[in-house]
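Worksheet: the structure to be examined is printed underneath.
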């Protein structure tokens, strides 16, 4: 049984202009210990999806569908029950570590709070110490860092401290929402390595949400590409990167800086969350579209490696993915 | 830090000094104590005798220097009424005013802040609208109107509560409600907007991700942050409270410093008015100093930044 099994999850937000549909039916599974990368442009619904799973999408969010976590449907749980799971079984770290930490409480205060909330019932020997948690995330001067306030530490140190707080309850799943976007490139690589090390050492699953394919490629086992509130392609990272099937994923790959040749932007703009046109959300921007693409949403095709496209890039120039697709 | 403290103290002294000077000249330029104390229906010689007795016949700047010299020795001058030391006249009424202000502050904080916090947490619901409505009403009604309405209703109409004097605990109810109504409204509005700001901060979501339930996240993470802007309001509040006390004491014939001030201005009882003004000035300056210190205590960011510089 997968650790997390999301089925037909939909999220919309009540706005003055009507419901904004952020997530339009997502199916996704996550195995224990797996690192899943979720990529997409801003507005693709990747953050809303996982905020909804944790019950953190806010009062204006309308969530439907199921998200089975270790057998229990999180969408169905009461606020109180979900609150008890957060920090203990599932945790989340956020984009901007400085503003995601309370500015008037010391790091030590906030770390001890997390330990008390999520490991308070454990005996003294089993309960993690603040020093041990800081050491695990690579903060090596605990005396100073525990006393410090968030504004006294660097972005990378704050993000490490936040990860330490989220590890206090020894969760099965850590969702990292753009954890390195606000950080320098060198620090970014260190944080990604840290997430990977912790995942391996603890057998903890990680969902890494990012708009950056490079970030996902660095540590993820599997990737899910989101567009317009749906997953359009998913599979093991190497396979998807080697031979992207969905035209959107191919476009993303072509738009990456790789040192060779010009970047090729994807023409057009992302679909509006207020738009409820039928068919594939990418069709208006897609060079391979047919009349059918604007009429019906493509079904998921494939097995472990799958995509939602009537015209996947599996032509003669891509013999390898064709063979693979046939094997799956 | 020492330079910072010295600068603060120097500025405080300067403020009080300016206040003393301003009050001294304004009071003497806008009315003649001899007229109000002795009256117009007596021979001019009587008024002249009064002026000579109190040194009011001398040039204004001489009077000013003499006054400053007395002040420096801790002498606030004497009241024209009974020639008692002005400080004693004020001091004997101080407890009445302080107890009124204390009770008002307690009620203001206990009603205003929870009202604002609940309105913010339940934003957009009927609770929020009710709180906003109540606070707009409280803000728009002047103290004297609220006081007179309360007197009409509970004093004259229902005859439940005493409306003049300060003898029992019952006497506190109407003046305190009068003053606390508008002050609680101010605090509710500020607390609401401070909380709304804080509730949308990313660290509130982090608290939830950590397993904090909503109520305890509000208490442990939102309130300490919302307290920072609220502290600024406290200094403003003290000024409003003093003004409110002057009005309210007169409406309810409360024998405090506020009613003494109105009486003394009417009579041009110069020494008493000046003593009260100095007292108010020192209180305000002290309040602002306290706010500065409270800021540093509440917000580690200001403390470290200034401490380093």
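Every residue, every condition in (1) surrounded by 22 or more Cβ atoms within 10 Å (Cβ to Cβ); (2) at pLDDT 90 or above, yes or no:
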residue	(1), (2)
B:90	yes, yes
B:99	no, yes
B:142	no, no
B:154	no, no
B:164	no, no
B:167	no, no
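Restricting the search to strands (runs of 3 or more DSSP E) fully inside the stretch A:133-249 and requiring at least 3 residues that are within 14 Å of chain B (Cβ to nearest Cβ) and modelled with pLDDT of 90 or more gives A:173-177.
In the set (1) within 11 Å of chain B (Cβ to nearest Cβ); (2) within 27 Å of residue A:219 (Cα to Cα); (3) out of contact with any helix residue (DSSP H, G or I) (no Cβ under 7 Å at 6 or more places or on another chain), the condition left unmet by residue A:84 is number (2). The residue list A:86, A:32, A:60 contains one member that is farther than 21 Å from residue A:240 by Cβ, surrounded by 23 or more Cβ atoms within 10 Å (Cβ to Cβ) and over 14 Å from the mean Cα position of the chain (by Cα), which is A:86.
Working carefully through the options B:15, B:23, B:35, B:105, find the one that is within 24 Å of the chain's Cα centre (by Cα) and either assigned to a loop (DSSP other than H, G, I, E, B) or over 20 Å from residue B:278 (Cα atoms) (or both). Unique residue meeting the criteria: B:105. Against the numbered list (1) over 23 Å from residue A:215 (Cα atoms); (2) within 19 Å of the chain's Cα centre (by Cα); (3) within 14 Å of another protein chain (Cβ to nearest Cβ); (4) crowded, with 18+ Cβ neighbours inside 10 Å, residue A:53 comes up short only at (1). Could you tell me whether residue A:117 is on the phi < 0 side of the Ramachandran plot, within 14 Å of chain B (Cβ to nearest Cβ), out of contact with any strand residue (DSSP E or B) (no Cβ under 6 Å at 6 or more places or on another chain) and free of Cβ contacts under 8 Å to residues at least 40 places away in the same chain? Considered against the rule, which asks whether it is on the phi < 0 side of the Ramachandran plot, within 14 Å of chain B (Cβ to nearest Cβ), out of contact with any strand residue (DSSP E or B) (no Cβ under 6 Å at 6 or more places or on another chain) and free of Cβ contacts under 8 Å to residues at least 40 places away in the same chain, residue A:117 comes out as no.
Annotation: of all residues in the stretch B:179-218 being outside any helix (DSSP H, G or I) and crowded, with 22+ Cβ neighbours inside 10 Å, the one that is farthest from the other protein chains (Cβ to nearest Cβ) is B:212. The selection criterion, being assigned by TED's automatic domain parsing to the domain that holds residue A:225, touching a helix residue (DSSP H, G or I) at 6+ places or on another chain (Cβ under 6 Å), under 30 Å from residue A:16 (Cα atoms) and at pLDDT 90 or above, holds for residue A:280. Here is a check on your reading of the model: is residue A:95 more than 7 Å from chain B (Cβ to nearest Cβ) and at pLDDT 95 or above? Against the criterion (more than 7 Å from chain B (Cβ to nearest Cβ) and at pLDDT 95 or above), residue A:95 does not qualify.
The values are calculated or read from the model by the stated rules, or taken from the named source; none is laboratory data. Please read all numbers here as calculations on a predicted model, not as lab measurements. So basically every Cβ, Gly included, is an ideal-geometry build from the backbone, and we count neighbours across all protein chains shown.
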